[in-house]
Each structure stands twice: as C-alpha cells, then as structure tokens.
Amino acid sequence: MSEIEQIFSDARDWIIEAGEVIKAGLHGELKVSTKADEKDLVTEMDHEIERYFSEKIQKAYPAHLILAEEGSGHQIADTKGVLWIIDPLDGTMNFIHQKRNFAISVAIFVDGVGEIGLIYDVMSRELFHAVRGSGAFLNGNRLPKLTETGIPEALVAINAGFLRKNKLIDHEVMLRFAADVRGMRALGAASIQIAYVACGRFDAYMSMYLAPWDFAAGIVLMNEVGAEMTTFSGEAVNVLRRGSLFVSKPGFHQAFYRQYQVNIPAEDEC
C-alpha cells in the first residue's frame, strides 16, 4: 500500500467514526455559542470532532500539518509538506436546528496539490471521496465525468445574499439569473453543495465568502469529475485564503459570464 493509499484509508475510517460520535451527540443537550456574530454558531461538538482528528493525525502522522476551522491545528504560512484541511462540522446551524444537512470535510494536500478529498454527509450516510488521478466516488460507486448543462435547465445552489445589494456583483444581474435558471436551492453547508455538483444533483454552486476548510476537499472532487471551480472573478481558488467560490459543470462558467456580462472585482477589491 502506498503512503497516499494508507492516508486515505485512515482518513476514511476516521471520518466514519467521527460521524458516529456526532450522531450519538444529537441525543444530548447541545452547548451552543457564537463566534464572529450571532449567526456564526459553534457547538462543543465542533470542538470535539476537531480534537478527535487532531489527536488521530498527530499520533499516526506527527510530521503532518493541520489547518482546521476551530483553530486547534497549526499556524500555516504555506502549503509545503503534507497538510490536512478539516471542517469538523460544516453546517453547524443545520446541525442545531435541523439535525441534518451537515457534513465532515477532510482534505489532504501535499506540497500544494490536492491528493485526497472526503465529504461525509453524516445523517444521510453519504461519503463522497476522491484521490487524485483515481476518480471520484459516492459510497464506493464511481461518479461519471460531468457534462454540460444550459442555464435554462440548471438547478443552482446559491444563498439569498446574491439577490440583495452586495460588494461582489450587481444583484440586479443575479435577479435576472435567478429568473432564467430552472431552480435555486440553499442547503446551508458548502461542502455538501460542492459534492452535489460533483454527483450531478446541482449544476452549479455559488458562494460569496468561504474559508479553505469549506472547499478544500471539494477541489479534489471537482478535478476528478471535470467540473470548474474558481473564485467569482475567475481566479484559481487558494487553499490558504478565504474568498468567493463558483463551482459548475463544464461550460457553465463561460455561459454565465457571456450571457450576463458582469464585471467582477478582484477578491482584494471586495
């Protein structure tokens, strides 16, 4: 077994085990607090699952680095070496209010290259995974390469922020876009929505502002199914930087920019 295969095997086992810990915790009282604002929620479960991964990684791979949402990992200045990027509980608000539509997201990058990506929708028991060059899978079944879908036939994952005045894009343009597509959805968990593009349930996903742990695993999935994944201004996503995200089936990016002729500012201008 190669080193990447061993790392993948461990990550897959740990993500399933962590899912069982989360499900068991749903029966108890949730300790909820806020971070940046009253809508930015965190629970003790977020911290517990992050500690779980940190302890497992540090024991099995002490030389590996960790970038995690709740801050228990390392201070990361660059992508040299082996880097685990972890969201222990993506969709915390859903976890609190709905008890569903939340996921664990784990990515492993080696010298800046995405080698492994896993997204586990805990309550549906759906594990999306990809290993660079080996395809993307849902519960062990290989996902086919994505094909083009036109805007009128598209089901797009997007949140309401695009439809009101914002610094990223003219909301009037997005209102026209919303009227032109077949439908729009918002699940409240970035990793799941990226995974849904990978398996064809969504044709595109757009977000104004995400952190690396929200999309890092998705980078590996997207590469394996032939999707497009950029910032909204068309730049390559950076796994050490927060920013906007535009994920779509092949050709959808070009169709969107051609039809709506939007002028998107660079990320550092927003």
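The values are calculated or read from the model by the stated rules, or taken from the named source; none is laboratory data. Small disclaimer: the values here were computed from a predicted structure and weren't measured. Reconstructed Cβ throughout: ideal geometry from the backbone, glycine too, with neighbour counts over all protein chains shown. Ligands, DNA and RNA are excluded from the accessible area calculation, which covers all protein heavy atoms including side chains. Shrake-Rupley method; radii C 1.70, N 1.55, O 1.52, S 1.80 Å.
General remarks:
- Counting only residues that are closer than 22 Å to residue 3 by Cβ and touching a helix residue (DSSP H, G or I) at 6+ places or on another chain (Cβ under 6 Å), the range 67-82 holds 1 of them.
- Those residues of the range 74-131 which are polar (S, T, N, Q) and over 14 Å from residue 22 (Cβ atoms), in sequence order: 75, 79
- Residues satisfying the criterion are absent from the range 178-190 (criterion: part of a helix (DSSP H, G or I), open to solvent by 40 Å² or more (accessible area, probe 1.4 Å) and modelled with pLDDT under 95).
- Close pairs (9 angstrom Cβ cut-off, 6 or more residues apart or separate chains): within 19 Å of residue 126 (Cα to Cα) in the range 137-160, open to solvent by 70 Å² or more (accessible area, probe 1.4 Å) and outside any loop (DSSP other than H, G, I, E, B) anywhere: 157/185
- Scanning the range 59-90 for residues that are assigned to a loop (DSSP other than H, G, I, E, B) and either within 16 Å of residue 217 (Cα to Cα) or among the aromatic types (Phe, Trp, Tyr) (or both) yields a count of 3.
- Matching entry among 85, 104, 49 (being surrounded by 23 or more Cβ atoms within 10 Å (Cβ to Cβ), among the aliphatic types (A, V, I, L, M), modelled with pLDDT under 95 and in contact with a helix residue (DSSP H, G or I) (Cβ under 6 Å, 6 or more places away or on another chain)): 49
- For the condition modelled with pLDDT of 95 or more and surrounded by fewer than 23 Cβ atoms within 10 Å (Cβ to Cβ), residue 229 qualifies.
- Selection within the range 111-166 - under 16 Å from the mean Cα position of the chain (by Cα), crowded, with 21+ Cβ neighbours inside 10 Å and over 30 Å from residue 2 (Cβ atoms): 156, 157, 158
- Inclusion of residue 92 among residues that are surrounded by fewer than 20 Cβ atoms within 10 Å (Cβ to Cβ), among the β-branched types (Val, Ile, Thr) and under 24 Å from residue 198 (Cβ atoms) is not warranted.
- Matching residues in the range 124-152 - criterion: being over 15 Å from residue 219 (Cβ atoms) and part of a strand (DSSP E or B): 126, 127, 137, 138, 141, 142
- Qualifying residues in the range 203-217 (those that are open to solvent by 10 Å² or more (accessible area, probe 1.4 Å) and hydrophobic (A, V, I, L, M, F, W, C)) - the one modelled with the lowest pLDDT: 208
- For residue 215, the conditions (1) under 14 Å from the mean Cα position of the chain (by Cα); (2) aromatic (Phe, Trp, Tyr); (3) over 26 Å from residue 121 (Cβ atoms) are fulfilled apart from (3).
- Residue-level check: of (1) assigned to a helix (DSSP H, G or I); (2) in contact with a strand residue (DSSP E or B) (Cβ under 6 Å, 6 or more places away or on another chain), residue 202 misses just (1).
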